[in-house]
Every structure is written in C-alpha cells, then in structure tokens.
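To keep things clear, I will list the structure first and then write my remarks on it.
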Amino acid sequence: MNQDQFTFIIDIVAILVIAYMGIVAAVYVTLFLIAGPKIRKEQGLEREETIEETAVNQDTFPVSVLVPAYNEEVGIVNTANSMLKLNYPTHEIIIIDDGSKDETASRMIRSFGMERITLATRHHFQTQPVFEGYRSKEFPNLFLLRKENGGKADALNAGINFSKYPYFAAIDGDSLLDKDALLKTMKPIIDSNGQVTVTGGTVRIANGSEIRESEVRKIGLPKKPMVLLQIIEYFRAFLIGRLGLSHMNMLLIISGAFGIFEKSRVIKAGGYNTATVGEDMELVVRIHRSLKDEKSKQRIEYIQDPVCWTEAPSTYASLRAQRRRWQRGLAETLWIHKAMLFNPKYKGVGLFSLPYYLFVELLSAVFELIGILIILLGILFSFVSIEWAILMTIVTVAYGSLLSSLAVLLEEWTYHKYPDIKSILILYFFALTETFWYRPLLVWWRCEGLWMFLTRRKRMWGNMQRQGLGEVENRS
C-alpha cells in the first residue's frame, strides 16, 4: 500500500467518525426534545401537594427496601438511617450483608440494637446460603440478613426471598434517599393501578455536599475536577437519555442504586442474573422482553424528581474499575438479548432502544478512540492533513461540549438544585474542558471493558475506596 492509498483510507475513516459523531449528537438532541414536554410539565407541578396526597392515599402499596452490602462499614449505618427516615406509610428495610469481610454486620447490630430471629424465607430463587437474620428492637421494620458471598445479584435475590411486600426497592449500600423519594417513585405505580411495573429515580453525586443526620442538607460541588465531571455525566445520562427513552416506554436501565420493582413481575422474569456484572440493566431488558412476549400493556418509567444520593469514585483507579465494569455489563446484556436486536416483535425496544445502546452507548468508545488516534498520530506522523486534524478536533470538542452543556442547562432549567450562579458557571466551565482530558480517559477505560468482555476475562467488580457519606460531608 503506497502513501496515497493509505492517506485515502485514513480520510475515509475520518469522514465516517465525523458522520458518526454528528448522528449521535442528533440522537441526543432528539431525545432532549422528546423529553421537553415532560420537563415543562415537571416545572409546573406543585410537588409538595402531590406528595401529601400520595402519602394519605389508601391505595399506597407497601414496599420492601432491599440494600445489598459488601464491605460497606463506612456508610451502612448512614444508609440505614436514611431508609428509616423515608416518608412512606408501610415499608420494611432489609440490609443484606453479602459475606462482608469488614464490620458491616457488627456496626448494624450495635447501632440499631438488633437481635437474632428465626429465618423464614421463601424460595423464589436459589442463592448462596443465608445463615443469620436479625431484627432491630428499636425499629421493628429494620432487618439484617447475613449470607455467604455471591455478588450483588445474588444478595438481591436473597432479599426478594425474605421480603414480604408486593413491591421492592433496590438501593445500593452506599446511598442516601431524599425522605420523599419512595413516595415520588411509587406514585406512577399507584396512579396507574399497577400498569407501571418498574420505576427508577434520579441518582446524584453527594461528594461535596453537606450531610447531617443522614440527609443531604445543602448541595455543594466537590473540589476534584474528576468528580465534577461525573456530576455532569449523571445529568446527561439521567435528564436527557433516560427521560427521553422513558417517555417512549423504551427505557432499558433502571439504576442499580435506586429502582422499584413489582415483585411478582421480577419473579416471573427469573430474578437477577448472577452471571453478569450488569444485573440491573439485564433484568430490565428481560422484563421488557417478557412484557412484549405476553403482549402486556405494563410500562417501565423513569421519574426525574426523586433523588438517590451516592458517593462517586474519587480516585482514578476506582473510576477506571467502575467504568470497565459498566461497559462490560452493557456488552453482556446486549449479547444475552441479541435476538431482540432489530426484531419488530419487540417494537421500540428492539428497533430503537437496543440499537441505541449498541451503537451509541457501547460502540461510541471505539469510534471516539479512532478519532483521537487519527488526530494525535496524524499530526505526529503527518499522514493526515492539518485541515482534517483541525476539523476532527472541532467536531470532537463540539460533540462532547454540546451534550454536556445541554445536560447542565436541563438541570438548571428544571430543578435549580445548586444554590448560586457560581456553581452553574463552574459546571459549564468543566463541561467545556471534558473533551481535552476526562473524556479520553473514559474512552480508553470503556474500550478496556469491551475488550474484557470480548476476551471473556474473569469478572471482577474492582475495589472502590470509599470515604463514606458521613456527617457534614465536604469531601471531593
């Protein structure tokens, strides 16, 4: 291959990458526009009034709150306290200690005066052995299960086996909920008389905020740029992507940090899959599949107002482990349900949602990596013209900045959560810097996750060094 042929091929690849980024940006803008009516409706709601109505509604369904925990000694007591403060008529809280090697269980037992109980569990799913059960003497609706380690999916299945209510909420062991979050997330289920079978709320990053008595009292920004960029990422994922897909009943992800499920539907679908690291998405796709197979009119919805607060990774090692795991989980889910792809039987889920997650969420890392390599290597070794390099740089910067800026705009337009204009300006500034340092890191790590899936590397969750969402939290 001579120099001219090589240059021609590189030019074609560059054109394809530019076209891809343009199409993806157009898809995101379309989702933004689709979400617009729901955002405007949300702005006009009197939230407190609707919550008060739901709280006294005689048809409010009782809920089991399941909290899988593995080595969560730093934050598990705060998480349990947060669940106990939930404004909800009838709910039980079940902490599932999944074979922790730290003091997760002992801190729960000491903090809440727990005593052993006789285990009486149903056997909807086969799980690793549950060998101890505890109940708080002070809070009769608070339970602790201790079991052999089997992973998050296995712990949730064990929690479902033990739970007694018709709906369950799956909450991460390092999370805090706003006191009305459960009411707000159950409201679509109650209002639809069960036609909504799964709902999910918004997950926000608590790093940098002030936390007192297991509640986020004042929202603030973290100091570390890598955590700031994660805040913007979460805006983009929840307020644009998920809201738009939910509006069309094509949502495929209910965050593992906060989601509510009709228990009978999950049991019918087979529970959480213990053979994937993306158990939350895989279950939602499987529920969609069963709904379409049954020709059921039940829906899965995302509710943007109820908030779950979580601790974001604050080191590059933990962020890398998280993103590799997410990418691998996405790839595994798409592979498991590949028969649904482009299958008209599954309507919008098969014809739009799954292709969207394949080409936009999974493969975008590959296209972006190619674009970055063309820019860098092309300039260094002069096999790309300076005009092409400039064009690629402009498109890459515009691509990242457009999506991130839209997300910040949407957040401020809808909720005004951040207390001053300075915070919004800081978020806008970092949104504009994302392309130059943060996004390339994510692209590389996501490609690593895809490679791990393709090479069938051993599944590992990675170890996130938690600081814990403690009292008066101001850490980055």
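The values are calculated or read from the model by the stated rules, or taken from the named source; none is laboratory data. In this text the structure is predicted, and so the values were computed from the model without any measurement. Cβ placement follows ideal geometry from the backbone for every residue including glycine, while neighbour counts extend to all protein chains displayed. What goes into the accessible areas is simple: the full protein's heavy atoms, side chains included, and nothing from ligands, DNA or RNA. Shrake-Rupley method; radii C 1.70, N 1.55, O 1.52, S 1.80 Å.
Between R457 and A398, what's the calculated FRET efficiency when r is the beta-carbon distance and R0 is 35 Å? Round to 0.05. With R0 = 35 Å, the Cβ-Cβ based efficiency is 0.50.
Scattering from the chain was approximated by placing one identical point on each alpha carbon and applying the Debye formula without solvent; log10 I(q)/I(0) at 0.14 1/Å stands at -1.50.
When T433, T455, T118 are compared by accessible area at a 1.4 angstrom probe, the order from most to least is T118, T455, T433. Label reach from N193 (point 7 Å along Cα→C-beta): in region 240-271, amide nitrogens under 20 Å belong to 262-265.
Karplus-based coupling profile of region 258-269, in residue order and whole Hz: 6, x, 10, 10, 6, 4, 5, 5, 5, 4, 4, 7, with θ = phi - 60° in 6.51 cos²θ - 1.76 cosθ + 1.60 and x standing for Gly or Pro.
Near the amide H of S64, within less than 5 Å, lie the amide hydrogens of E92, Y165, Y167, F168, A169, all on another chain or at least 5 residues away, with H placed in the peptide plane. Given R0 = 35 Å, the distance between the Cβ atoms of I426 and E215 translates into a calculated FRET efficiency of 0.90. For n ≥ 4 DSSP H runs only, could you compute -39500 (n - 2.57) per run for the chain, divide by its residues and tell me the 222 nm figure to the nearest 500? Mean residue ellipticity, 222 nm, calculated: -16000 deg cm²/dmol. Placing pseudo-labels 7 Å out from each Cα toward the beta carbon at S106 and I336 gives an inter-label distance of 3.6 nm. Segment T121..E148, full-extension length gain: 8.2 nm, with 0.36 nm per residue of separation and the alpha-carbon distance subtracted. The 1.4 Å probe gives accessible areas that order K179, K292, largest first, as K179, K292.
Structural descriptor for the chain: relative contact order 20 percent, calculated from alpha carbon pairs under 8 angstrom and at least 6 residues apart.
Long hydrophobic helices in the chain, taken as whole DSSP H segments with a C-alpha length of 20 Å or more on their own axis and mean Kyte-Doolittle hydropathy at least -0.5: 3-44, 364-381, 386-414, 421-454. Note on V277: accessible area approximately 10 square angstrom, rounded to 10, probe 1.4 Å, nucleic acids and ligands left out. Computed in the context of the full set of protein chains, the accessible area of the chain at 1.4 Å probe radius has 59% of its extent on carbon or sulfur.
When the listed pairs K164/K292; K297/K345; K184/K268 are checked against a 19 Å cut-off, the alpha-carbon distance exceeds it for K164/K292; K184/K268. Entry comment: accessible area of the chain is 43 Å² per residue, from protein heavy atoms only and a probe of 1.4 Å.
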